[in-house]
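Novice: Below is the structure I would like to discuss, written out as C-alpha cells.
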Amino acid sequence: MEVRVIATLQAKPDSIDAVSDAVHEIIEASRLEVGNLQYDLHRDMDQPGTFVFFERWASSEALEKHNATEHFKRFVSQIDGKLEVLDIKKLKQIA
C-alpha cells in the first residue's frame with residue numbers, strides 16, 4: 001500500500017543556509033530509490049527557513065529502506081541541532 005509523507009522542517013534562524021543545503025542535497029538520491037514515487041521539496045512562502053517535503057512511497061517497506069540509506073543518515077546528521085521544529089506525518093490516502 002502506498003505511503004505518503006509530509007515532513008516539515010523549521011530551521012533555527014542561524015541555521016537556515018545549512019538546512020537549505022542539506023534538504024537540497026538529499027533530493028536526487030532519494031528520487032532514485034526503488035519504491036520512490038515522488039520526492040518534492042517546498043519552501044514556505046511566509047516563513048523563511050521552513051521547508052516541507054512531500055513524499056510518496058510504494059510501500060512502508062520502501063520508506064523503511066529509505067530511512068536506512070547512507071544519504072538519509074547523512075542528512076539526519078547534517079540537520080541535527082539545527083531545527084526548531086521537525087514534524088513528520090505518515091499518511092494513507094482514504095478517499
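The values are calculated or read from the model by the stated rules, or taken from the named source; none is laboratory data. Remember, it's a predicted structure, so these values are computed and weren't measured experimentally. We place every Cβ from the backbone using ideal geometry, glycine too, and count neighbours over all the protein chains shown. Side chains included, ligands, DNA and RNA excluded: accessible areas come from the protein's heavy atoms. Shrake-Rupley method; radii C 1.70, N 1.55, O 1.52, S 1.80 Å.
Novice: At a threshold of 8 angstrom on Cα-Cα distance, excluding pairs fewer than six apart, so keeping six or more, what relative contact order does the chain reach in percent?
Specialist: This gives 47 percent for the chain.
Novice: Using the heavy atoms of the protein chains alone and a 1.4 angstrom probe, what is the accessible area of the chain per residue in square angstrom?
Specialist: 63 Å²
Novice: Name the long-range amide H neighbours of Gln38: under 5 Å, sequence gap of 5 or more, or other chain; modelled H, no Pro or chain starts.
Specialist: Residues meeting the amide H criterion: Arg56.
Novice: Using amide H atoms built in the peptide plane, which far-off residues or other-chain residues are under 5 Å from Thr69 H to H?
Specialist: Long-range HN contacts for Thr69: none found.
Novice: Using the Cβ atoms and a cut-off under 10 Å, what net charge is assigned to the surroundings of Thr8, where Lys and Arg are +1 and Asp and Glu are -1?
Specialist: -1
Novice: For region 23-29, what does the Karplus curve 6.51 cos²θ - 1.76 cosθ + 1.60, with θ = phi - 60°, yield as ³J(HN,Hα) per residue in whole Hz, taken in order and with x for Gly and Pro?
Specialist: 5, 6, 5, 7, 4, 4, 4
Novice: Further question on the same structure: For the chain, which whole-number percentage of the solvent-accessible area (1.4 Å probe, protein heavy atoms only) is attributable to carbon and sulfur atoms?
Specialist: Looking at the chain in its full context, I get 54 percent from C and S.
Novice: Scan (1) 1.06; (2) 0.99; (3) 1.77 for the value of Cα Rg over 2.2 N^0.38 Å calculated from this model and give just the label.
Specialist: Answer label, from the structure shown: (1).
Novice: Please list 3J(HN,Hα) in residue order for region 61-70, calculated via the Karplus relation 6.51 cos²θ - 1.76 cosθ + 1.60 where θ = phi - 60°; whole Hz, with x for glycine and proline.
Specialist: So the Karplus estimates, Gly and Pro as x, are 5, 4, 5, 4, 5, 4, 5, 9, 6, 5 Hz.
Novice: Another one. Let me know the charge dipole size of the chain about its Cα centre in debye, to the nearest 20, where only the beta-carbon of Lys, Arg (+1) and Asp, Glu (-1) is charged.
Specialist: 320 debye
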